[in-house]
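Below: one structure, written as structure tokens.
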Amino acid sequence: MPLLDPDIAECRVLVVDGNATSRSIIISQLRDFGVLDIAQASRPTDARRALEYKEFDVVLCEQRFPDSSYTGQALLDDLRRAQLLPLATVFVMLTGEASYAQVAEAAESALDSYLLKPHTASALGQRLRQARHRKRMLHPIFSAIAQGSYETAAKLCVERFQQRAPYWLYAARIGAELMLRLSRANDAQALFETIHAHQALPWAKLGVARSQIESNQAAQAMTTLESLASSEPSYADAYDIMGRLHTEQGNFEQALVVYRQASAITPSSIARLQKQGMLAFYMGEKLEAAKALDRATLLGLTSKMFDHQSLMLLAFSRFQLRDTQGIKRCVEQLQTAIDQRDAPLRLRRFMRVAQTLLSLANKHMAVVVTQLQEQATEISNPAFDMEAACNLLSLLAEVARLELRLDAAPNWITAMGERFCTSKGTAELLAGACQAYPPYAELVRAAHRRVGELAQQAMVHAVAGQPDKAVMALVAHGGQTLNTRLMETARLTLQRHRAAIAQAQTLEGLIQYQLDHYAPSGQAPALGQPPGRSAGGLSLLTAAEQASASR
């Protein structure tokens, strides 16, 4: 059989099929075409691990696997969400007649490919030729992205789109994603809207909603998402974005409903199970939290998609269910994770909290008090973040629920509330962390009100024509509470009234110092979503970022 192209031997292919005979046939056909570098996997979980550590040009993946709810589509979805599938990789879904329509629609809407089984060698060859051709045609765009030249890549995408050159629709999608990365939300929205007008693709409409969110048009984005969910009820990415929007607005009950829907559509998605389980925990739904987080751990403990905060909250859920052995397993799993890497600060924090929880379950109260006092010394540390605050609040709430009184605990809770309550959403998330002991949740809400009062009191000076006093008050309150909302308000006020403030340069330096030290730690936890791709987006990693993600 003739070679498909001169450099086909350089093509790396992963074959994922639960049927050994089927895999053997596909591999034989690939070798006949001249493909030399072929890996194989019989389960989607094995394929996921292979793709986490090696880059492939083509993935040929069966849609259905025996005795597994984890489909090829779910694997593709998880890989994209975790930034583990490079733009240049072509994913070809193998499907039988039973699921042909569903797979064909999904492949076409996501700009991937599919192959109906049983397939001929010529049909497989055609898919390989398409893959190689697309990679060559879009190489300048992929190369610019790999070098971090996003403006250049975006320009190339728009040119290909306007000229209707080969793969113009795929290029348009990449271009819109690049515009979002470049904070050009209005341009991205316009391009997504043009794409959707040309072809009503779900990802294009979702792109419109994502652009609206980036442009601070939350209400319009929610309307767009609700319309998309109504017309495409099985499009799980829409529920991901809707859940995120509800969470940011503090509408946790609605967010949990949406995350449940997403998990029901893709029952083996690690990221969605983690989102559902984590939010269920903060909502006090301990049985639901334990079930979702336990399944996420079972499916993904060794995966890069797994967030070890799931183990942390699973330990709390098991404590609430009086499962001491379950807590011990979480401690052991955290220790394994620590032993396998450089033991980052985040994992070491998880371990300290989990060990304290185990001591509490075993009624070693003196040990618990000592460990809590040690952990509380970190509250004002720049590296102490909101996730750490949530875990410490949950731990303090469990201690209080068991009527172990710590005189300093209310002060610790107030300090964490004043530092991390920057919005209604963050305040309610912190209060949810205290759901085991409602009085502590009220302390968090009181701290949120206090932050709002401090901001209002400072801005009275600005209204009275004394912006310098307003900025100085905000800087002082920001330094006292470590609250980034106060720091950011000081920065914006200074920008607006700079000409009228004699000490503008000095104040600007103080504000920047505060933000540099405390803004990163003030970000809300991602609730099980690994860093990188947002729902509905594409992987836009530079070569350096791709190498880092593969380690």
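The values are calculated or read from the model by the stated rules, or taken from the named source; none is laboratory data. Just so we're clear, the structure is a prediction, and the values are computed from it rather than from any experiment. All Cβ positions, glycine included, derive from the backbone under ideal geometry; neighbour counts span all protein chains shown. Keep in mind that these areas ignore ligands, DNA and RNA; they rest on the heavy atoms of the full protein, side chains included. Shrake-Rupley method; radii C 1.70, N 1.55, O 1.52, S 1.80 Å.
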*On the given criteria, is Leu293 at pLDDT 95 or above and not basic (Lys, Arg)?*
yes
*Ala433, sole failed condition from (1) open to solvent by 20 Å² or more (accessible area, probe 1.4 Å); (2) of a type in the set (A, V, I, L, M); (3) over 15 Å from Gly478 (Cβ atoms)*: (1)
*With respect to Tyr170, determine if the residue is under 21 Å from Ala271 (Cβ atoms), of a type outside the set (Lys, Arg), surrounded by fewer than 22 Cβ atoms within 10 Å (Cβ to Cβ) and modelled with pLDDT under 90.*
no
*Name every residue in the range 204-223 that is out of contact with any Phe, Trp or Tyr (no Cβ under 8 Å at 6 or more places or on another chain), of a type in the set (Ser, Thr, Tyr) and open to solvent by less than 70 Å² (accessible area, probe 1.4 Å), in order of residue number.*
Ser215
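For the range 494-534, how many residues meet the condition of being in a loop (DSSP other than H, G, I, E, B), at pLDDT 65 or above, buried (at least 18 other Cβ atoms within 10 Å of the Cβ) and under 19 Å from the mean Cα position of the chain (by Cα)? Lay out the reasoning, then the answer.
Initially, the range 494-534 is screened for residues in a loop (DSSP other than H, G, I, E, B), giving 501-503, 519, 523-534.
Those left that are additionally at pLDDT 65 or above: 501-503, 519, 523-527.
Then drop every residue that is not buried (at least 18 other Cβ atoms within 10 Å of the Cβ), which leaves 501, 524-525, 527.
The next check asks that each one be under 19 Å from the mean Cα position of the chain (by Cα); those that pass are 524-525, 527.
Residues that pass the stated criteria total 3.
Just the residues that are more than 16 Å from Ala41 (Cα to Cα), assigned to a helix (DSSP H, G or I) and open to solvent by 10 Å² or more (accessible area, probe 1.4 Å), please, taken from the range 67-84. Working first, answer last.
Of the range 67-84, the ones more than 16 Å from Ala41 (Cα to Cα) are 69, 77-78, 80-84.
If we keep only those that are assigned to a helix (DSSP H, G or I) as well, we get 77-78, 80-81.
Selection gives Asp77, Arg80.
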*asked:* Testing Gly452 on (1) within 27 Å of the chain's Cα centre (by Cα); (2) surrounded by fewer than 22 Cβ atoms within 10 Å (Cβ to Cβ); (3) assigned to a helix (DSSP H, G or I), one condition comes back false. Which one is that?
replied: (1)
*Considering the range 175-203 alone, what residues qualify as being open to solvent by less than 20 Å² (accessible area, probe 1.4 Å) and over 24 Å from Ala146 (Cα atoms)?*
Ile195, Leu201, Pro202
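Check the range 246-254 and report whether any residue there is surrounded by 24 or more Cβ atoms within 10 Å (Cβ to Cβ) and not hydroxyl-bearing (Ser, Thr, Tyr). Please lay out each step first, then the result.
First pass over the range 246-254, keeping only residues surrounded by 24 or more Cβ atoms within 10 Å (Cβ to Cβ): 247.
Filter again for not hydroxyl-bearing (Ser, Thr, Tyr), leaving none.
No: the range 246-254 contains no residue that is surrounded by 24 or more Cβ atoms within 10 Å (Cβ to Cβ) and not hydroxyl-bearing (Ser, Thr, Tyr).
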*Confirm whether Met283 is open to solvent by less than 20 Å² (accessible area, probe 1.4 Å) and of a type in the set (A, V, I, L, M).*
no
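Mind listing whichever residues of the range 122-132 are surrounded by fewer than 15 Cβ atoms within 10 Å (Cβ to Cβ) and without any contact (Cβ under 8 Å) to a residue 24 or more places away in the chain?
Ser122, Ala123, listed by residue number.
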*What number of residues within the range 298-312 satisfy the criterion of being free of Cβ contacts under 8 Å to residues at least 60 places away in the same chain and crowded, with 22+ Cβ neighbours inside 10 Å?*
2
*If Ile413 passes every condition in (1) more than 18 Å from Ser521 (Cβ to Cβ); (2) open to solvent by less than 20 Å² (accessible area, probe 1.4 Å) but one, which one does it miss?*
(1)
